[in-house]
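Student: The structure is given below, and queries will be raised subsequently.
Read-outs throughout are calculated quantities, based only on the coordinates presented, and are distinct from any laboratory measurement. These numbers come from a predicted model, not from an experiment. Backbone-built Cβ (ideal geometry, glycine too); neighbour counts: all protein chains shown.
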Amino acid sequence: MSDEASLLMEQAPLADVGLQREIAALFVRALNLEVPAEDIDPDAPLYGEGLGLDSIDILEIALLLSKEYGIQLRADSEQNQQIFRSLRHLAEYVAAHRTK
Amino acid sequence: MAEIPLLSHRSRSAPLAWRDGEPISALKFLSDVRALSERLPPAGHVLNVCADRYRFAVGLAACLVGGRATLLPPTHTPEVIRQVAVFAPDAVCLTDDARCAIDLPKVYSDADSQAPVTPWEVPAIDARQLAAIVFTSGSTGVPVPHRKTWGRLAACVRRGAERLGLLDGRLHALVGTVPPQHMYGFESTVLLPLQSGNSFAAERPLFPADVAAVLAAAPRPRALISTPVHLRALLATDIELPGVDLIVSATAPLTAEMAATAERRFHAELVEIYGSTETGQIATRRTAATDRWRLWPGVSLDEGDGPTFARGGHLEQRTALCDVVESVGADEFLLHGRMEDMVNIAGKRSSFAYLNHQLNAVPGVVDGAFFLRAGENLAATGVARLAAAVVAPTLTASTLTERLRERIDSAFLPRPLIFVERLPRNSTGKLPRQALEALIAEKG
């Protein structure tokens, strides 16, 4: 694991719970998820098992992050595996990289 | 047409592909093909799952020169891989991913093969040679193979290159957002550049920022080969999009409005392609200007009481279409939607019969059915997801979803998945749509 990745993991528990909730609500609305936003486990994987998102959803999430937070996801980013690890990690990434 | 050259590039130094904006020459490609061919089993079947488009193309060509058939199943779930292994017990998996979990003997595609340079001699492949077996999900639970010979694949994409204006003597660079394993990506981003002397980007960008970067790195004239889902995401971002000279879309019809928006944003024409795994590509339209599809020269439609058939041209035999179409004039038609049992989610095709078969094959499922909700339940993604109602008293939603994930592509996983005590079947065992809608209203 890269230093950057392990740093993200250590930081994750500190993520802003309010931002997590906000992102969860965005997902549920945009992706027509059947779970209530507050029931999304902040530590469950977003992709595949867990929340069960697929590449169609991931593309939509990229759009949401661009519109809401001014973040442009890139596939070659070393951090991508980490970002989609869980809602907590995603919220942490957004907190660190948002431009709006 | 006994033999058709593997590629139509005129010189050894002609760029055949691009990676990070750097050219990969036709000669380098042939050298890589010969080196890989020596590492593959001498004959038989190869499941080519390489994500990198260049490595996929090297794998395909290595199969062609060695008389091997490339296998292209609709998805790579464990259940489908098991069925592929039953279909072709000699199958090996060609992959460029060290973590590839596919349960077949593996051959790894080298990232940077130092293949010895071979003489500039383009192999000629027998037109009758079996080049690829493309599978559709069928309706009985067993994937249905469609055998494609080299000659017919080549003839199809040459017509396409002509129609798209890619045979004008300039070297076009094609940037695809579709995987090379999908029939459309296979034809338009791999076979077409090989057979038209053009080039393609090795990358398969997904996020808008990546698409913009790969496009910007490709020389002009350049074309974007994409789908409605990917184009929609691209057009919704406010990042600066590099100019392109042609946009191509397929897998699902685009609205005239979105086509016009894409043409304005990119300052290029958008051409839609109509095709299917069974027929290959057979028609195009300039969507912003007309709703009429124009058939490939030599291809014609037979309309009757049942499905419409296409024949002629590169088609080996009369082949049924999966859509309801209406001929207008000798070589044009209108599209009126899918046949009843067909499902298409973001370019992935299946049938309700197949999906229901897989659902009911999960241990613990007593009865279950997939359906599409009225109004198509469009999410913000513009993609309609399927719903399913199931009788499975011993299973939880997450367990059932995980079992299904091993069987069907994730695009078809139900949203919502509703548990009921019994399905509202009528006296003939059918499930009236209204009864299913009522279930959703009640449970959802």
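Student: Using the reciprocal of the averaged 1/r over all distinct C-alpha pairs, how large is the Kirkwood radius of the stretch B:39-176 in Å?
Tutor: Across the stretch B:39-176, the inverse of the average 1/r is 16.5 Å.
Student: Moving on to the next point. Highest first, please rank the peptides B:354-365, B:274-285 by the mean number of other Cβ atoms sitting within 10 Å of their residues. Kindly include the intermediate steps, with their values, before the conclusion.
Tutor: Details: B:354-365: 19.1, B:274-285: 22.8.
Result, highest mean first: B:274-285, B:354-365.
Student: While we're looking at this one, here's another question. At a threshold of 8 angstrom on Cα-Cα distance, excluding pairs fewer than six apart, so keeping six or more, what relative contact order does the stretch B:343-443 reach in percent?
Tutor: Relative contact order, the stretch B:343-443: 25 percent.
Student: Under 16 Å from the Cα of B:LYS148, which aspartates and glutamates turn up, not counting those fewer than eight places away in the same chain?
Tutor: B:GLU3, B:ASP126, B:GLU187, B:GLU278, B:GLU316
Student: Give a residue-ordered list of calculated ³J(HN,Hα) values for the stretch B:114-126 (Karplus: 6.51 cos²θ - 1.76 cosθ + 1.60, θ = phi - 60°; whole Hz; x for Gly, Pro).
Tutor: With the stated coefficients, the stretch B:114-126 comes to 9, 4, x, 5, 9, x, 7, 8, 7, x, 9, 10, 4 Hz.
Student: From a point 7 Å beyond the Cα of B:GLN83 in the direction of its Cβ, which residues of the stretch B:319-358 have a backbone N at a distance under 12 Å?
Tutor: Of the residues in the stretch B:319-358, B:350-358 have backbone N under 12 Å from the label point off B:GLN83.
Student: Which angle from 0 to 90°, rounded to the nearest 10, does the C-alpha axis of helix B:433-443 make with the longest principal axis of chain B?
Tutor: 80
Student: Hey, rough spin-label estimate for B:THR140 and B:LEU235, points 7 angstrom out along Cα→Cβ, what's it come to in nanometres?
Tutor: Simple spin-label model gives 4.2 nm for this pair.
Student: Using a basic spin-label model with each label point 7 Å from the Cα along Cα→Cβ, how many nm lie between B:ALA397 and B:ALA289?
Tutor: 4.9
Student: Which percent, to the nearest 5, of DSSP beta bridges fully inside chain B are antiparallel?
Tutor: Rounded to the nearest five, the antiparallel share is 60 percent.
Student: Measure off 7 Å from each Cα along the Cα-to-Cβ vector at B:GLU162 and B:ARG425, then give the distance between these two points in nanometres to one decimal.
Tutor: With each label point 7 Å from Cα toward Cβ, the separation is 5.3 nm.
Student: May I ask you to derive the FRET efficiency for A:THR99 and B:ARG128 from their Cβ-Cβ distance with R0 = 56 Å, giving the value to the nearest 0.05?
Tutor: Plugging the Cβ-Cβ distance into 1/(1 + (r/R0)^6) gives 0.45.
Student: Show me the ranking of peptides B:423-435, B:117-129, B:52-64 by mean Cβ neighbours inside 10 Å, starting with the highest.
Tutor: Details: B:423-435: 11.2, B:117-129: 14.2, B:52-64: 25.5.
Per-residue mean Cβ counts within 10 Å order the peptides as B:52-64, B:117-129, B:423-435.
Student: What ranking of B:SER37, B:SER350 emerges when the number of other C-beta atoms within 10 Å of each C-beta is taken as an exposure proxy, fewest first?
Tutor: B:SER37, B:SER350
Student: Tell me which lysines have Cα within less than 30 Å of A:LYS100's Cα, excluding those fewer than 8 residues away on the same chain?
Tutor: Excluding near neighbours in sequence, the set is A:LYS67.
Student: While we're looking at this one, here's another question. If you count, for every residue in A:22-32, the Cβ atoms of partner chains within 10 Å of its Cβ, what is the mean? Please report the intermediate quantities before stating the final value.
Tutor: Working: counts 0, 0, 0, 0, 1, 0, 0, 2, 3, 6, 10.
Across the residues of A:22-32, the mean count of other-chain Cβ atoms within 10 Å is 2.
Student: Per residue of chain B, what 222 nm ellipticity follows from adding -39500 (n - 2.57) for every DSSP H run with n ≥ 4, rounded to the nearest 500?
Tutor: Result for chain B: -7500 deg cm²/dmol, rounded to the nearest 500.
Student: Considering every residue in A:58-66, what mean count of other chain Cβ atoms within 10 Å of its Cβ is obtained?
Tutor: That works out to 6 on average.
Student: Can you work out the FRET efficiency for the pair B:SER327 and B:THR255, with r the C-beta to C-beta distance and R0 = 35 Å, to the nearest 0.05?
Tutor: Details: r = 22 Å, r/R0 = 0.64.
So the FRET efficiency works out to roughly 0.95.
Student: In addition: Based on the Cβ-Cβ distance from B:ASP110 to B:ILE440, what FRET efficiency comes out when R0 is 51 Å, to the nearest 0.05?
Tutor: 0.50
Student: Related question: Would you mind checking which residues have amide H under 5 Å from B:ILE345's amide H? H placed 1.01 Å from N; only 5 or more apart, or other chain.
Tutor: Sorted by chain and number, the residues that satisfy this are B:SER350.
Student: Go ahead and set up a Gaussian network model of chain B, Cα springs under 10 Å, then flag whichever of B:ALA330, B:ALA250, B:ALA389 fluctuates most.
Tutor: Highest fluctuation of the listed residues: B:ALA330.
Student: A further question follows. Just want to confirm a number: the relative contact order over chain B, from Cα pairs under 8 angstrom separated by 6+ residues, in percent.
Tutor: Working: 913 pairs, mean separation 53.9, N = 444.
Rounded, it is 12 percent for chain B.
Student: Also, I was wondering about something else. For B:LYS106, go through the aspartates and glutamates and keep the ones whose alpha-carbon is under 14 Å away, minus same-chain ones fewer than eight residues off.
Tutor: Partners within reach: B:ASP90, B:ASP96, B:ASP97.
Student: Next question. Averaged over its residues, how many other protein chain Cβ atoms are within 10 Å of peptide B:203-210's Cβ atoms?
Tutor: Mean partner shielding for this stretch: 6.
Student: For chain B, what are Rg and Dmax over the alpha carbons, in angstrom?
Tutor: Values for chain B (Cα only, Rg and Dmax): 22.2, 71 Å.
Student: Could you list B:THR136, B:THR394 in order of exposure, starting from the residue whose Cβ has the fewest other Cβ atoms within 10 Å?
Tutor: B:THR394, B:THR136
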